[in-house]
Every structure is written in C-alpha cells, then in structure tokens.
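A short worksheet on the structure shown next.
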Amino acid sequence: SLKCILIMNRQGNLIYFPLYHSFLFSHGLFFVVMVIRWEEERYTDGSKWRFLEHKGPVFAPPYEPLPGNVKFYYDGKPMKLSALAEEVATFFAKMLDHEYTTKDIFRKNFFKDWRKEMTSEEKSKITDLNKCNFSEMNEYFKAQSEARKQMSKEEKQKIKEENERLLQEYGFCIMDNHKERIGNFRIEPPGLFRGRGDHPKMGMLKRRIRPEDIIINCSKDSKHPKPPPGTKWKEVRHDNKVTWLASWTENIQGSIKYIMLNPSSRIKGEKDWQKYETARRLKKCVDRIRNQYRDDWKSKEMRIRQRAVALYFIDKLALRAGNEKEEGETADTVGCCSLRVEHIKLYPKMDDQEYVVEFDFLGKDSIRYYNKIPVEKRVFKNLQLFLENKQPEDDLFDRLNTSILNKHLQELMDGLTAKVFRTYNASITLQQQLKELTSDDSIPAKILSYNRANRAVAILCNHQRAPPKTFEKSMQNLQTKIDEKQNQLSAARKQLKAAKADHKASHDEKSKKAVEVKRKAVQRIEEQLMKLQVQATDREENKQIALGTSKLNYLDPRISVAWCKKYGIPIEKIYNKTQREKFAWAIDMAEKDYEF
DNA sequence: ATGGAGACTTGACGTTAAAGCG
DNA sequence: CGCTTTAACGTCAAGTCTCCAT
C-alpha cells in the first residue's frame, strides 16, 4: 500500500512523487527521503488542502477574422459583418452539416442570440435566418481542417511541442507538496450550446470567458497566478474547504464551471476510494435494508410505501435517484423519484409471467431506459394504487422526492444515499460475474470473460452507446480476416500431415525437424484464429453497450486488480495508462484475495 | 418543507494519437 | 513505411447531493 515517495532533487527541494513515477529512479539523480502510505494524509477538519499553487487557466485563442474573400450572403447579396457578428456566424457556419442546424429550436435560439451581437444596422437588415447563406464560410472551414490534416510532419510536430509546453506550464499545480495534474486547465471556447436530447436551449450562444469572469482559488502563501496583461481576475480567494482552482459562471444555465484536478490526483483518488468503502459498508447491511423496505410495502402510510417501492427499483434496477428539474430549462428526463405515470405500464399477466412492470422513459443524457420486469405481488398492488386517479403527466411517487429518500437512507446507514446502490450493485455484480465466468482458458479467453462481466454491469446501469458508424464494416473486415485465417490453418494442417508422412517414410533428423516446425506453425495459427474469434464475439456483444463509464465510475478497481493478480493477467490488459494512473491507489493496495 | 447555489461525479460523444496492417 | 482502423483522450453537458436561507 505504498503511495508515494518523498524525494530530493539537486536543488535540495523536497517533492512528493506518486509511486508510478518510479522511472525517475533510472536517472539516479534523486534521494528517497521518505515513503508515504495512502492512509497517512487526510485532514479531519473538512479542509481539503494546506497549500495550493497554480498558474491559472489557459484562455481560448482570440477570434481570427475571416479573410476578405470568404463572404457571407444575405438575401443573395454579399455582406460584410462586424467582427462580433461574424464570429457568432462562424459558429453556425461550422455546424452546417450537423442535424442540429435544421432543428427549429436550435435555429430560433441561435438567431435570437446572434442578433444580440449585431450592430444596429446589421440588426435592421438581417431579420430572417432563412435568407442567410453561410455556405462559403462553411467551405472555408472545411478547407482549413483539410489543410490541417495535410500538414507536414514538421508542422505537426511543432504544434505538438507547443501543446506540450502549455501542458507543462499550465497543466500542473502544487497541492500540499504533490505536483498534480490538472484535469481541464483550458477554458471552454465560445460556441453554440449543444444540449442533449430535446433541449429547449440548444443553439444559444455560449459566450467567451474572459479573465474578468474567473474566480481564482489558491493558498495565500502561494505565488498567485497572473491574469493576462491588461486584464484582471474577477476575484482571488483562498478557500481550502473546496478542491477547485478556478471557476466561472456559464451563461446558458447560469451554473458554475470549475477547473479541478485530474483523476490521478491524491484528492480525487482518496474520494474515489472513500466511495467504494461506503459501498462496501452497504454490503454489510444490505440484507437488513432489503428486509426493511419489503416490510414497508405493507405500511399504512402512503409515503412510506412509495419510498419503499422506489428504493426497491433503485436497488433492483440500479435506477438513478431522480432529482426534480426546472421545467423548460433542460430536456425532459427522469430518474426514479421523478418517474411519471406515463413512464410505466402494468401487466397483471404477460406471456408466462405475472405482475410485469414495463418501464419506458428517458434518463440522463436522454438515453432511453426500456425494461420489462416481473415484480412481487405487493409491489404490483402498490403501483396500481399509486396510479389511481392520476393523469399520465402526474408523478408516480407524489409523496416522495430525492431529499426525503436520502434522509431516510441516511438513517439506515451513515453516508448512504441513492447512488451508493448503483456503486454497490455494480461492483458486487462484477465480482460475482468474474467468479462465475472466468475460465481456466488462455489469457484472451479470460479477458473476454472479464469484458463479459463488465458488460453485465453496463447493461445493469443502462450504459448505452450509438453503434459506431463504421461498426458493420469493421465487423465484416474482421470476418474476412477470420476466413483467411481459417484457410491458412487448413493449409498449415495439410503441410503438417505431409511432413509427418515424409518423416514416416525417411525417419531422418531433417524430416523430424520439419514436422516440429509445421506443428508449431499450426499451433501458432490456431492461437491467432482463436484470438480473432474472441475479438469478434466481444465486439458483436459490445455493439450498443459502453463499458467505459462503469469501469471508470462504478467498479471498485480493487476487484479488477485482484482478479488480474489471481489469474496472472497483466494489469495493462484491463486498464490503459490513464486508467492505471487513476486507479494507482487500488493497484498498490489490492492483493489477489481482495474481497469487495 | 422548499428553493437555490455550490461542489463534485457521471456520461456520451467527437477528435486525435497510436496501434495494426500490408 | 505509409495508410487505415481503433482505442485513448479530451470535452463539456447532465446528473447527484449538500448546505444554507427562507
């Protein structure tokens, strides 16, 4: 469970380095001063750090006006736009190929916000978006991106180096003696807001963020970041009860955006670890809680029965809590507590099953949740009751919201909230599935089992993805490869047979060697074929399922680390570099017998 | 209770860099 | 080695949950 080492560089400065930076040893420039364990540095007073120093954010590059020959046309006539109006126009022009720009709400919102940026002459002239012709601008940007692709190696290298320099200068901060990677040190550039699903605000102008909008957070005794020449920060504060380095208010929803540390940082890692520890505590008392809510289905009080049924859904189906949302501000999506009558259908009998509930609603990111499940009679009867005398658009759980539910959960277990059930059920499912599925086969087969276990979780959590545009083609390609490999295999087998016959006839050393060579070749091709087949299966099963989210947010990484250790699978096969950095704590901690 | 601000996690997706292939 | 394909990475929207004022 070693976390990091304290080292001294040639200037005599002490620096903490996470253990995965161990390549530094090879330079031989450092002295190890001290070894720090994971557990040894948490504050108990609610403060998140003692020292915080950073360089501030990187701003979006300023607008570059279009060259004179690229024109905007209104009502068929060329028209030179003021810089501000032109900039906003380019945002739209860049998206011309996108479906968004055909949507009514998008166009309406865009046009309204665009007009706000126009001069009064422009405003009086440009009154109809349908008369605007952005196609020349669109062509220009397409040509630009084409040119970028065609750049020479040297030019590309130069850009890469510049990015690297920016990363080195602005991408890190010092928090309590650790040099930490910042997650998002670049300020979001201006553009048109693209909401997901049927978003009422799609197309609105997301305005440019200036230094005057930024609140800087750092420690008093640090070197404060300097605003760009001629500008000022909105504020510099020293709040060590929060983890962010900078923040600003975004103009679409009026919400606050933050610059925070990378998932590999101490502060994020510890929080993540804590999250899984809470889920493990739930494991210890989940039976009690389940018995409790089953009892509550019989309660005399409506609010308690609603609470109990909702909790049952959250537990069984891994639904999200479902906070209320302000109507008209966001897309119409729901979670458990905000389910409406129109989102479920009850079937006393369906095929050979009794008491079936059909769910059909849009969840987070407007991803559809569709599921039919048989439930217990009591739940079914309760649901019928909840639906009585209600309109489709009425709340299913009218006596419940997330705050009531979470207050109840808090009483059942310290730190328990609705989302802990998702974490708990995801992690426990992975552990069970790994136990069930892991074969004593080859490494690729084991990894397929792992992916299948991961997939079971992704299905539980409804993590979907649009099938990749190139999916069909890439499946075909893979199939072609498999066919070829099969041909190769039969050819190799024939050759082996021939070699064997040859050896039988001559019994000399040379032919014996030839048999061995052919045998190895067959074996090698068999392995390659198997690998390809496994790959094809994996990919087909994964067509509409996204594994990433559950892997990154719901699965206790120690389960995976332990599994790797137990079966001798290199951790690199399961976690890529970024993931290994994020889960460094788990990789250090977990042994092969770890139990979630 | 209710509402809103604030902080932080979770989520899908587009772009880019790296892997894989002939 | 140069091209294509794939996975990693970054982006930023959209959730959850806490806290505090009313």
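Please sort by residue number the GluC sites (Glu not before Pro) in the range A:263-332 whose DSSP state is loop and whose Cβ has at most 16 other Cβ atoms within 10 Å. Sites meeting the loop and neighbour criteria: A:Glu301, A:Glu324, A:Glu326, A:Glu327, A:Glu329.
Straight-line cross-link partners of A:Lys520 among the lysines, defined as a Cα under 25 Å from its Cα and at least 8 positions apart when in the same chain: A:Lys446, A:Lys481, A:Lys485, A:Lys494, A:Lys497, A:Lys500, A:Lys504, A:Lys510, A:Lys512, A:Lys531. Cα centroids of the range A:111-126 and the range A:362-433: 48 Å apart. In plain terms, the chain from A:Leu387 to A:Lys226 could stretch by 52.0 nm, reckoned as 0.36 nm per residue minus the Cα-Cα distance. Of all DSSP beta bridges in chain A, what percent run antiparallel (nearest 5)? Just about 90 percent of them are antiparallel.
Excluding the site residues themselves, the longest part of chain A lacking any trypsin sites (Lys or Arg not before Pro) in a DSSP loop with at most 11 other Cβ atoms within 10 Å is A:301-468.
Across the accessible surface of the range A:72-150, with the other protein chains kept in place and a 1.4 Å probe, carbon and sulfur atoms take up 50 percent. The label-point distance for A:Glu155 and A:Glu541, in a model that sets each label 7 Å from Cα toward Cβ, rounds to 4.6 nm. For the range A:392-473, the square roots of the Cα gyration tensor eigenvalues, ordered a ≥ b ≥ c, give a/c of at least 1.5 with a/b no greater than b/c, which places it in the oblate category.
Available extension along the chain between A:Leu166 and A:Ala83 is 27.1 nm, counting 0.36 nm per residue and deducting the alpha carbon span. Over the residues of chain A, the helix contribution to mean residue ellipticity at 222 nm works out to -15000 deg cm²/dmol, using -39500 (n - 2.57) for each DSSP H run of at least 4.
Computed on protein heavy atoms with a 1.4 Å probe, the accessible areas place A:Glu388, A:Glu122 in the order A:Glu388, A:Glu122, largest first. Distance check, please: which entries in A:Lys473/A:Lys577; A:Lys241/A:Lys275; A:Lys298/A:Lys372 exceed 21 angstrom between their Cα atoms? From the list (A:Lys473/A:Lys577; A:Lys241/A:Lys275; A:Lys298/A:Lys372), the Cα-Cα distance tops 21 Å for A:Lys473/A:Lys577; A:Lys298/A:Lys372. Since only A:Leu489, A:Val534, A:Val457 are under comparison, the one whose Cα sits farthest along the positive direction of the charge dipole of the range A:427-589, derived from C-beta charges on Lys, Arg, Asp and Glu, is A:Leu489. Once each part is reduced to its C-alpha centroid, what is the distance from the range A:439-515 to the range A:257-291 in angstrom? Here the answer is 40 Å between Cα centres.
Residues whose amide H lies under 5 Å from that of A:Ala321, counting only those 5 or more places away or on a different chain, are A:Cys336; hydrogens are built 1.01 Å from N in the peptide plane.
Listed by chain and number, the lysines placed with their C-alpha closer than 23 angstrom to that of A:Lys153 are A:Lys142; residues fewer than eight positions away on the same chain are left out. Partners of A:Lys80 within straight-line reach, counting aspartates and glutamates whose Cα lies under 18 Å from its Cα and excluding those fewer than 8 residues away in the same chain: A:Glu64, A:Glu117, A:Glu121, A:Glu122, A:Asp128, A:Glu136, A:Glu139.
Of the solvent-accessible surface of the range A:427-589, computed with a 1.4 Å probe and all protein chains present, 51% belongs to carbon and sulfur. Label sites at A:Gln486 and A:Arg288, each approximated as a point 7 angstrom past Cα along Cα to Cβ, lie 5.8 nm apart.
Applying a threshold of 31 Å to the alpha-carbon distances of A:Lys300/A:Lys551; A:Lys419/A:Lys565; A:Lys103/A:Lys257; A:Lys226/A:Lys364 flags A:Lys300/A:Lys551; A:Lys226/A:Lys364 as lying beyond it. Mean sequence separation of contacting Cα pairs (under 8 Å, at least six apart), scaled by the length of the range A:427-589, corresponds to a relative contact order of 32 percent. Using a probe of 1.4 Å, the accessible surface attributed to A:Met530 totals some 60 Å² when neighbouring protein chains are kept in position. Taking every alpha-carbon pair under 8 Å whose residues sit at least 6 apart, the range A:240-383 reaches a relative contact order of 13 percent.
The residues A:Asp556, A:Asp287, A:Asp296, A:Asp104, sorted by heavy-atom accessible surface at 1.4 Å with ligands and nucleic acids left out, run A:Asp104, A:Asp287, A:Asp296, A:Asp556 from largest to smallest.
Computed from point charges on the beta carbon alone (+1 for Lys and Arg, -1 for Asp and Glu), the dipole magnitude for the range A:427-589 about its Cα centre is near 380 Debye. Protein heavy-atom accessible surface, 1.4 Å probe, per residue over chain A: 56 Å². For chain A, averaging the sequence separation of C-alpha pairs within contact (under 8 Å, six or more residues apart) and dividing by the residue count gives a relative contact order of 12 percent. For chain A, the square roots a ≥ b ≥ c of the C-alpha gyration tensor eigenvalues yield an a/c under 1.5, which makes the shape rounded. Of A:Ala498, A:Leu385, A:Ser152, whose Cα points farthest to the positive end of the dipole of chain A (charges on the beta-carbon: +1 Lys, Arg; -1 Asp, Glu; origin at the Cα centre)? The residue sitting most towards the positive pole is A:Ala498. Take the Cβ atoms of A:Lys125 and A:Arg465, set R0 to 51 Å, and the FRET efficiency comes out at 0.70.
The values are calculated or read from the model by the stated rules, or taken from the named source; none is laboratory data. All figures in this text were calculated on a predicted structure; none of them were measured in a lab. FYI the Cβ positions are ideal-geometry reconstructions off the backbone, even for glycines, and counts take in every protein chain you see. Calculation scope for accessible area: heavy atoms of the full protein, side chains included, ligands and nucleic acids excluded. Shrake-Rupley method; radii C 1.70, N 1.55, O 1.52, S 1.80 Å.
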